[in-house]
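Take a look at the structure set out below.
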Amino acid sequence: MHILFIADPLESFKTYKDSTFAMMRAAAARGHTLSACEPKDVMWQSGGVVTGFVRDISLTGELENWFISKQDKPNERPAPLKDFDAVIMRKDPPFDSEYFYATHLLEQAEREGAKVFNKARSLRDHPEKLAIMEFPQFVSPTLVTRDASDIKRFHAEHKDIILKPLDGMGGAGIFRVKADGLNLGGIIETLNKDGAQTVMVQKFIPAIEQGDKRILVINGAPVPYCLARIPQGGEVRGNLAAGGKGVAQPITPRDREIAEHIGSNLAKRGLFLIGLDVIGEQLTEINVTSPTCFQEITDQMGWDVATHFITQLELLLNQ
């Protein structure tokens with residue numbers, strides 16, 4: 001297969017932990033051809049097809065200077081996206097206007113025959129925090145609002161709450177307010193910007209002390225191991241970007257129940273890879289843009305997530 005990865009600049013990859021790099025390495029090991037570009041390199045001219053200015057790359061086997069490109073600059077080789085066997089969208093959040101526009105270009109490429117993973121419309125239709133609301137049986141009490149009085153009422157009911165922006169990533173902008181309500185008004189003003197922005201509020205889950213588990217679901221089925229991201233130093237956030245410690249472990253029966261139910265539903269919508277965040281027995285987020293933790297799970301458990309991802313992709317494309 002010839003696979004195009006649409007991702008952040010290759011030069012920015014931290015290869016010792018990057019999941020997209022792990023995918024590329026696994027694909028190359030199985031004999032597949034690799035190309036890459038950034039979302040800014042994708043264009044659509046009237047009367048033509050969606051085209052990417054790509055770099056054809058090979059891997060060196062090193063973690064530094066890890067790739068060799070046949071092109072010095074991406075604009076040397078325009079290639080219709082439909083000409084690739086698979087297009088893997090791996091641009092990291094934030095899901096901003098430019099990401100939104102990129103999904104529209106990818107959706108047009110799909111109409112032309114491109115096979116895009118994850119499916120462009122489904123990326124657009126499943127905001128990573130809001131998506132959990134479709135599955136209330138797995139979610140702790142949760143409120144989505146921009147109204148300060150709604151948030152104060154929720155706090156009065158549940159006493160200990162977490163507030164976070166809908167477009168946050170890496171644990172940014174997450175606040176905990178305990179029963180005393182200290183600074184609740186100021187936190188609301190910071191997050192909802194005087195009613196201009198929507199906020200998610202959730203009942204605090206004490207099991208965060210055991211970690212915020214990242215459960216990977218590939219082609220509708222869960223990976224048997226997850227990465228528990230455990231808060232450090234009095235933090236309430238387990239995100240690795242916020243200093244959390246990643247500890248791989250087998251998924252629990254409850255984890256599997258959540259993952260199989262959600263995975264089977266979302267796979268039908270073209271979400272080939274998702275990352276579920278679970279605290280204790282409660283679902284807190286459904287990651288669809290560029291789920292990570294491939295290398296941490298592989299390194300600690302010896303179960304090769306990236307190779308499984310590529311083999312499942314092969315199976316799907318050969319059906």
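The values are calculated or read from the model by the stated rules, or taken from the named source; none is laboratory data. What you see is a predicted model; the values in this text were computed from it and never measured. Positions of Cβ are generated from backbone atoms using ideal geometry, with glycine treated the same way; all protein chains shown enter the neighbour counts.
Six or more apart or on different chains, Cβ atoms under 6 Å: show the pairs whose first residue is in the range 184-213 and closer than 14 Å to Lys164 by Cβ and whose second is surrounded by fewer than 17 Cβ atoms within 10 Å (Cβ to Cβ) and among the acidic types (Asp, Glu).
Phe204/Asp160
What are the residues in the range 18-39 that are among the basic types (Lys, Arg) and touching a strand residue (DSSP E or B) at 6+ places or on another chain (Cβ under 9 Å), if any?
Here is the first cut: in the range 18-39, the ones among the basic types (Lys, Arg) are 25, 30.
Scanning the range 18-39 gives a single hit, Arg25.
Pro93 versus (1) closer than 23 Å to Phe53 by Cα; (2) without any contact (Cβ under 8 Å) to a residue 60 or more places away in the chain; (3) surrounded by fewer than 17 Cβ atoms within 10 Å (Cβ to Cβ): which is the lone unmet condition?
Unmet for Pro93, out of (1) closer than 23 Å to Phe53 by Cα; (2) without any contact (Cβ under 8 Å) to a residue 60 or more places away in the chain; (3) surrounded by fewer than 17 Cβ atoms within 10 Å (Cβ to Cβ): (2).
For the range 300-319, give me the residue count where each residue is closer than 18 Å to Gly246 by Cα and surrounded by fewer than 16 Cβ atoms within 10 Å (Cβ to Cβ).
Count: 3.
How about the range 196-232: which of its residues are in contact with an Asp or Glu (Cβ under 8 Å, 6 or more places away or on another chain) and part of a helix (DSSP H, G or I)?
Within the range 196-232, Ala207 is the sole residue that qualifies.
Suppose the filter is more than 30 Å from Leu317 (Cα to Cα) and either surrounded by 15 or more Cβ atoms within 10 Å (Cβ to Cβ) or modelled with pLDDT under 95 (or both); does Ile132 pass it?
No.
Do we find a residue being in contact (Cβ under 8 Å) with a residue 60 or more places away in the chain, at negative phi and more than 22 Å from the chain's Cα centre (by Cα) anywhere in the range 110-118?
yes
Against the definition (out of contact with any strand residue (DSSP E or B) (no Cβ under 7 Å at 6 or more places or on another chain) and either touching a residue at least 40 places away in the same chain (Cβ under 8 Å) or surrounded by 17 or more Cβ atoms within 10 Å (Cβ to Cβ) (or both)), how does Ala267 come out, yes or no? It would help to see each step written out before you state the result.
Values: out of contact with any strand residue (DSSP E or B) (no Cβ under 7 Å at 6 or more places or on another chain): yes; either touching a residue at least 40 places away in the same chain (Cβ under 8 Å) or surrounded by 17 or more Cβ atoms within 10 Å (Cβ to Cβ) (or both): yes.
Considered against the rule, which asks whether it is out of contact with any strand residue (DSSP E or B) (no Cβ under 7 Å at 6 or more places or on another chain) and either touching a residue at least 40 places away in the same chain (Cβ under 8 Å) or surrounded by 17 or more Cβ atoms within 10 Å (Cβ to Cβ) (or both), Ala267 comes out as yes.
Given the criteria closer than 25 Å to Ala306 by Cβ, surrounded by 14 or more Cβ atoms within 10 Å (Cβ to Cβ), basic (Lys, Arg) and touching a residue at least 12 places away in the same chain (Cβ under 8 Å), does Arg55 qualify? Reasoning before the result, please.
Numbers: closer than 25 Å to Ala306 by Cβ: yes; surrounded by 14 or more Cβ atoms within 10 Å (Cβ to Cβ): yes; basic (Lys, Arg): yes; touching a residue at least 12 places away in the same chain (Cβ under 8 Å): yes.
Criteria met by Arg55.
Can you name every one of the helices (runs of 4 or more DSSP H) wholly within the range 248-319 that holds 2 or more residues which are of a type in the set (Ser, Thr, Tyr)? Walk me through it before giving the result.
Working: elements: 253-267, 294-301, 305-317.
By residue number, 305-317.
Quick one: is Val288 of a type in the set (A, V, I, L, M), in the same structural domain as Ile218 (by TED's automatic domain parsing), crowded, with 24+ Cβ neighbours inside 10 Å and within 13 Å of the chain's Cα centre (by Cα)? Quick ask: steps written out before the conclusion?
On the way: of a type in the set (A, V, I, L, M): yes; in the same structural domain as Ile218 (by TED's automatic domain parsing): yes; crowded, with 24+ Cβ neighbours inside 10 Å: yes; within 13 Å of the chain's Cα centre (by Cα): yes.
Yes; evaluated as a whole, the condition is true for this residue.
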